[in-house]
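A short worksheet on the structure shown next.
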Amino acid sequence: MSSWFSHETTRTYQIPIDHLDYKFIEKCTDVKYLEKILKILRSGEEGLFPELILFCENCIESLAPNSRVLRKEKAVANASDFTTEEWKKINDDLTSWITEMKEDEYKTQYATTEVFKENVENLPPIRSSENHLSLSQNETVKIKQKKKNIPRDYKEWDKFDVEKECSKIEDQENDYSKTSINNNIKLPKAEIDTIGMTTKEKTFAAHREKEKGNEAFVIGDYKEAIAYYSRSISALPTVAAYNNRAQTEIKLQNWHNALQDCEAVLKMEPENIKALMRRSTVYSNLQNFEMAAEGLKKVLHIDPKNAIAKKKLLDIDKNLKESEPISQTQSKGKRIFIEEIEESDEQERNEGEFVNGSGDRKTAVLVGRESTSEPADMGNVQKKFSSRGGAWKPDHKEAQKPRDPSENNVKKGGLEETIREPLQDDKKEINGYLSNCTNGNEIGEGKPKDVESSAAGKSNSTLLPANAAKLKTEGNELFKNGQFGEAMLKYSRAIENVLSSGVQAPEDLSILYSNRAACYLKEGNCADCIQDCNSALELHPHSIKPLLRRAMAYESMERYQQAYVDYKTLLQIDSGIQAANDSVNRITRTLIDLDGPNWREKLPPIPAVPFSAQLHWWHGESFTSESKQKKTANTCRNQLSQTPSDNAEEKFKLFKTQGNEFVKKGKYEEALMKYNECIKLNSQEKTIYTNRALCFLKLLKYEEAKKDCDYVLQIDGSNIKALYRRALAYKGLENYEASIEDLNKVLLIDSSIGEAQKELDEATQLFKLRREFTANNQPKQRKKIEIQEVNEEEEDTETCSSNTAINPCNAKEELGTTMSLNSSEKLTISKPSNAYEFGQIINIVNASKDIAACAELLAMIEPKDLPVLLSNKLEGDIFLIIIQALQSDVFCQNPNLVYQHLFYLSKAERFKVVQTLLGKNEIEQVQQLLASLSNVRDQPFSSNDLENLKKTFEL
C-alpha cells in the first residue's frame, strides 16, 4: 500500500505525493520545484494544509526572497483603511473635482459666465424652425403599434394601382426638391444687453452672433442675417460685421442702409478695400457714377492689380458715357432679372461647412442695345479644388485685401445667364477655380454681362430663345439643389431648342454644353463629359471651364497624357490657376512612374494658345499702366496721409515695410522716401541706414551711401552689411584700396559670402589695371637691382647662349605686345629660392613686359616647382606673360620643357579662376602654343598627354 502511495503524483506538474512533506521541503534547494509545490498546496487539489503552505513559503523566502510566488494581492482600499480625516479629504477632493468638471462642461456648451447668462425667454428662436405640439401618449402608442411592412399576398397584386403609387412617389420627390424658407419666423432682437459684460465676453458674443448671421446669409435668410449682424455690432462693433451687414443690405437692395454701413467701415479703416468696393456698388445702383468711379480709383491706388476694380471702372466709364442725352428714337431693351449666388465676407472661414451656396443676387441684363450697370458682387472667396471630379475643397481664409480676382462676380452658385466676352469673363471665373463647383457655380461660365453694341449699333452675339433661356434657368436651379440628373435633362432640352430654332448663339450654346458637361462630371459619366467639352470648345475655343472639366474627366479616367495636355493649355491661357499647377505637378509624377524618364516624348502635342486668348492681355491692363504712371509721383504722399495709426512705432514699421516692398520692386526712389520717413521717426535704427545705403548704391549716389555706412560702422564696427555696401560705394568712387580693405574685413567676419569674394577679385583686378595704366603713363620707378651695362655692336648676330641673361637674337620675331628694355641695359635674373622671391621677380618682369626675362626665369626653375612658387598669386596678366615666354626662342628647341611648364601651370592654385576670366586674345595664344607642340616630331610626350592637357585648358 505504501509503495502504491509513493508512486502517486499530483494532477498538476506531476509531482509525487510524498514530496508534499515537511522533510522533503526542508531539504529541497530547487526554488522552481518548491514554487510548483507551493502552487499545488495553495490550489487545494490535494487538501488544505495552512501550516505546510506557510512552511513552504518560508523555505522559498530563505532561498529566493524576490520570488514571484511570494507576492500577494492587495485588496482595494476602502474607507476602513483610512483615518476619518484622510477619508474626508479624499472625499472632498473628488467632490470638488466633479463640480469643476461640470462647470467647465457647462461653460463649453453655453460659453458664458453667470454674469453673461441670458434668460431663456429672451433667447431668440431656433432659426427656420416651427413650434409643434408634442404628441400625446395615445398617438405615440399608435405610432409604435404601426403595422409592419410585410410582403403582399398574390391576390393583393391584382388590386395594385401602379399609376397611383407612381404619382405618390413623384409627389414625394417634388416635395423634397422644393427648398422653402420660413419667412414668418420671429426675428431676434436687434440688440444684446451687454450691461455687466467684460470685454472678453462682448467679443465672444459679437463673434457668435456674426457666425449666426453668416449661416443665415448662406441659405438666403437675409433679414435674419441682418438681425444677427446688428446684434453683433451692438455687442462690439467690428469691421467684419459692418462689412457683412452692408453686403446683406445690398442683397435686399437697401442701398442707403448699405451706404451707412460702408461709411462706418471706412471711418474705422479708411483703406478697407471691401467697403470701398461695396460703396461703389451702392453708388452705381443709385446712379451716382462719379462717386462710384472715385471709390474704385481709391481701390486701384491701394491695390493696382485688382482686376475686378479695373473692370468695374471701365463699366462705370461706359455708363457715364451712355448716361449722356441720347435720341428718343433709340429703342430700349427689356430688363431680365437673373439670380446669382454669392457669399458673405466672414463665410470665407466657414464655407467648407456649407455645401449649397447662399442667397440670390438680382442682376439687370438688357435684351436689346441698352446696357445698364450691374450690381457688384463683393464676396471675396477664392477656392481651390482637387483634380478628381466632385472632390472640391474650399480654402478657409479671410482677407480684407481682395485677391486677383478675389472680388469675383461669379461666386458660389453663380450661373451663366448671358453672353460673355471670352477674355474678361473667363479671367474672373477661373481665378476663383470654378468658384467651387460643389454648389451650383459649377455651371457658371461667366458673370452676367451687358450686351455691348458694335459701331453699327448691333449686338455682338444673339441671346438664347425664350424657351431655351427658361430651360437653362431651371437647370441651374436643379444643379444648385444637387439634382444633377434632372439638370442635365433641362440642359439637353435647351440645347435641342437652340439647335432646332436655328438661332446663331455659339457663345450661349457653348455655355450650355459646358453646363451639361458639369452635370455629367458630377454623375461620374466622364465620357459624355469629354464629348460635351469638345463641343463647347469647338464653339468657343480656349474657353477655360470646358478645358478644365475635360482635364478632370481625363484624369478620372486615368488618361493622364490627355489631362496633362489640357492642364498645360490652361496654364498658357492663365498661369495663375493654382489648381492647374497642382494637377500638372501631380500628373507629372504619375507619368514618370508609368512611362519613365522619356515620358515627354509620348505626350500628344500641346496646342499653342494665341496671345489674344491669354487672360493677362485684357483691356483693363492698359488702364493700370497709365494710372500707375500718373500716380507714381503722389504714391508716398497719399499713403503717408492715409496711415491708419498715429503710433510712431507702428508708423515706423509701416514705412519700413513699404520701403522694403519698393526695393523688391526696383522702385528705389520711392523706397528712399520711405526710409527717410523712418529716420525721422527713429534715427537710432541701424538697419534703416544700411537699407538707405542700398538705395543710394542703386541710384549711383556713392557718396551718400558711404556716409550712411560710416554712421552705422561708428556704432557697430563689425556690421557686415555696412562694410559690404561701403566697399561697393568705394568701388563706385574708384577708391579700390579702401574697397579691398572693407571686403577683406567682410571675409574675415564671414568667409562664406561668395558675393564679397567676387567683388574682392573684381576690385583687385581694377586696382591692378589702374596701377599699370598709371605706371605706363608716368616715368617708371624701378627698384634698385643690379644692372649690367653691355656695349653691343651694331651687328645682326644671332647666337643662342644659355649663359647670357637676355637673348637679343630674333628681335625682329619678338611679339609686338612685349616691351623690351633699352638696348643698352638688361635685367640680371637670379634663381629664386622661395615663393616670395619668385613673386618679386615675376612682378618686375610683368611690369616691364619683358618676355625674354620671363623666359629666362622659367628656364632657371624646375617645372614641378612652378605651382609652389606661384602660390596663390597667379593672375591673368602673369598667366599671359608666361604663355608668351613659352613661345619665345628660349624654349623653341625644348618642346618637352614647354609641355612640363604648361602641365604644372595647370596645377597652380588659382588656375581655374584665371582660366574662366581669359579673354579671346589669351585663349588664341594658348591654342597657338598647344598647336605648335602637336606639330613637333619625335616628341617625348604622347598625343594622349597633349589631348589631356588641352582638356585641362578647356580648349
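Using Cβ counts within 10 Å as a stand-in for footprinting exposure, how do His540, His207 rank, fewest first?
On the way: His540 23, His207 18.
Result, fewest neighbours first: His207, His540.
Between beta-carbons, use under 9 Å as the cut-off and find the net charge around Lys768, counting Lys and Arg +1, Asp and Glu -1. Can you show the working numbers first?
Working: positive: Arg770, Arg771; negative: Glu772, Glu875, Asp877.
Here the charged neighbours net out to -1.
Would you compute, for the Cα atoms of region 199-319, the largest minus smallest coordinate along each principal axis and list the three values in descending order, in whole Å?
47, 26, 21
Restricting the calculation to Cα positions, tell me the Rg (one decimal) and the Dmax (whole number) of region 849-953 in Å.
That works out to 12.7, 35 Å for Rg and Dmax.
When the convex hull of the Cα atoms of region 648-774 is projected onto a plane and the area is averaged over all directions, what value comes out in nm²?
Numbers: hull surface 31.9 nm².
Projected area, direction-averaged: 8.0 nm².
Determine, from the Cβ-Cβ distance of Asp317 and Asp171 and an R0 of 41 Å, the FRET efficiency 1/(1 + (r/R0)^6), rounded to the nearest 0.05. Each step should come with its number before you reach the end.
On the way: r = 53 Å, r/R0 = 1.30.
Taking R0 as 41 Å, the efficiency between Asp317 and Asp171 is 0.15.
Listing Ile882, Ile511 from the residue with the fewest other Cβ atoms within 10 Å to the one with the most, what is the order?
Values: Ile882 24, Ile511 31.
Going from sparsest to densest Cβ surroundings: Ile882, Ile511.
Among 884-896, 59-71, how do they line up from the highest to the lowest mean number of other beta-carbon atoms within 10 Å? Please report the intermediate quantities before stating the final value.
Numbers: 884-896: 18.1, 59-71: 12.8.
Result, highest mean first: 884-896, 59-71.
Going by average Cβ density within 10 Å per residue, which order do the peptides 839-845, 76-82 take, highest to lowest?
Values: 839-845: 18.3, 76-82: 9.4.
Averaged packing, sorted descending, gives the order 839-845, 76-82.
Could you state the orientation-averaged shadow area of the convex hull built on the Cα atoms of region 466-609, in nm² to one decimal? Don't skip to the end; give the middle numbers.
Values: hull surface 36.1 nm².
The number I arrive at for region 466-609 is 9.0 nm².
Find how much the distance from Glu762 to Thr588 grows on full extension, using 0.36 nm per residue of separation minus their present alpha carbon separation; answer in nm with one decimal. Kindly include the intermediate steps, with their values, before the conclusion.
Working: separation 174, 0.36 × 174 = 62.64 nm, distance 4.34 nm.
Stretched out fully, the Glu762 to Thr588 stretch lengthens by 58.3 nm.
Distance between Cα centroids, region 881-901 to region 824-878: provide it in whole Å.
Cα centres, region 881-901 to region 824-878: 14 Å.
Could you list Met291, Met860 in order of exposure, starting from the residue whose Cβ has the fewest other Cβ atoms within 10 Å? Before the final figure, lay out each step's value.
Values: Met291 16, Met860 12.
If I rank by nearby Cβ atoms, fewest first, I get Met860, Met291.
Rounded to two decimals, what is Rg over Rh for region 19-70 when you use alpha-carbon atoms and the Kirkwood radius? Intermediate values should be presented prior to the final figure.
Numbers: Rg = 9.8 Å, Rh = 10.8 Å.
Rg divided by Rh gives 0.91.
Every read-out reported here was derived from the displayed coordinates using simple, explicitly stated rules and does not represent laboratory data. Fair warning: this is a prediction, and the values are worked out from it, not measured in the lab. Using ideal geometry, Cβ is built from the backbone for each residue, glycine included, and neighbour counts are taken over all protein chains shown.
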